[in-house]
Every structure is written in structure tokens, then in C-alpha cells.
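See below for the structure under consideration.
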Amino acid sequence: MELNDYQKAALATAIYPNDRTVSYLALAICGEAGELADKVKKVLRDKDGLFSEADKQALALELGDVMWYVANLSEGLGYPLSDIAQMNIEKIAGRVKRGTLHGAGDNR
């Protein structure tokens, strides 16, 4: 599936307060990422960090939830999801080229 096709499909199922689109979706991404992190934490705590196929599938489903909100937030900001992906690849490639992949700060 292409990113923009996914974004259109995600938008077709979106129900959230339109007057607070950006803030609502940004917070929702954090919530879903927290659920993902919690599942990882439990595998580290309870299974010595050994991920079963069921664990991996549960993580994949949580990633899908994060992706759904990312797709909707991207639209809320006025960007096709493919543009967000391209911008990120260019940003990371620039850091690699400048030797600033490691370190801190947005503009390195």
C-alpha cells in the first residue's frame, strides 16, 4: 500500500474533535506510543527481552495505531504522508552527510 493511499483510508475512519485536530492527534500519538513502549517493557521484564511471534504481532498492531494517528495529523497539518516521509529521509540523510547523526538537537 502506498503512503498516501493509507492516509486516505485512515482519514475515512477518523472521528475526533475537529476544533482541536493538531493537539488531539499529537496527544493520541503519544498515548499509542506509550502502549507500544509498555508492551516492550513487559517483554523485557517478563520474558528476558525475547519477543515471541505473538509479541511481535502485538507490537505491529500498536505501530499501526501510531501510524493511523500520524497519517491523520499529517493531513491536519496540510501534508500528504508521502511528503512527511520524504522530508524525514532528507533530514536523516543530511545528518549522515554532515556526520551529525549522533548528538542532540533538531538542527544538527
- [ ] Divide the volume of the convex hull of the Cα atoms of the chain by its number of residues and quote the answer in cubic angstrom per residue.
- [x] 152 Å³
TODO: Any lysines with Cα under 22 Å of the Lys91 Cα? List them, leaving off those in the same chain fewer than 8 positions away.
DONE: none
- [ ] First check a/c for region 47-108, with a ≥ b ≥ c the square roots of the eigenvalues of its C-alpha gyration tensor; if it is under 1.5, answer rounded, and if not, answer prolate when a/b is larger than b/c or oblate otherwise.
- [x] oblate
Task: Residue among Lys97, Lys41, Lys56 with the largest mean-square fluctuation in a Gaussian network model of the chain, springs linking Cα atoms under 10 Å - done: Lys97
Open item on the list: Taking the solvent-accessible surface of protein heavy atoms with a 1.4 Å probe, what is the per residue accessible area of the chain in Å²?
Closed with: 70 Å²
Open item on the list: Can you compute the charge dipole magnitude of the chain about its Cα centre, using +1 on each Lys and Arg Cβ and -1 on each Asp and Glu Cβ, nothing else charged? Give it in debye, rounded to the nearest 20.
Closed with: 520 debye
- [ ] Keeping every protein chain in place, order Glu90, Glu35, Glu53 by accessible area at 1.4 Å, biggest value first, i.e. largest first.
- [x] Glu53, Glu90, Glu35
Open item on the list: From the helices alone, meaning DSSP H stretches of at least four residues, give me the mean residue ellipticity at 222 nm for the chain, per-run term -39500 (n - 2.57), in deg cm²/dmol to the nearest 500.
Closed with: -25000 deg cm²/dmol
TODO: Using a 1.4 Å probe over the heavy atoms of the protein chains, calculate the carbon and sulfur portion of the accessible area of the chain as a whole percent.
DONE: 59 percent
Task: Calculated from backbone phi, Karplus (6.51, -1.76, 1.60) coupling profile of region 21-29 in Hz, x at Gly/Pro - done: 3, 5, 5, 4, 5, 4, 5, 5, 4
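The values are calculated or read from the model by the stated rules, or taken from the named source; none is laboratory data. Because the structure is a prediction, the values reported are computed rather than measured. We place every Cβ from the backbone using ideal geometry, glycine too, and count neighbours over all the protein chains shown. Side chains are part of the model used for accessible areas, which takes the heavy atoms of the whole protein and leaves out ligands, DNA and RNA. Shrake-Rupley method; radii C 1.70, N 1.55, O 1.52, S 1.80 Å.
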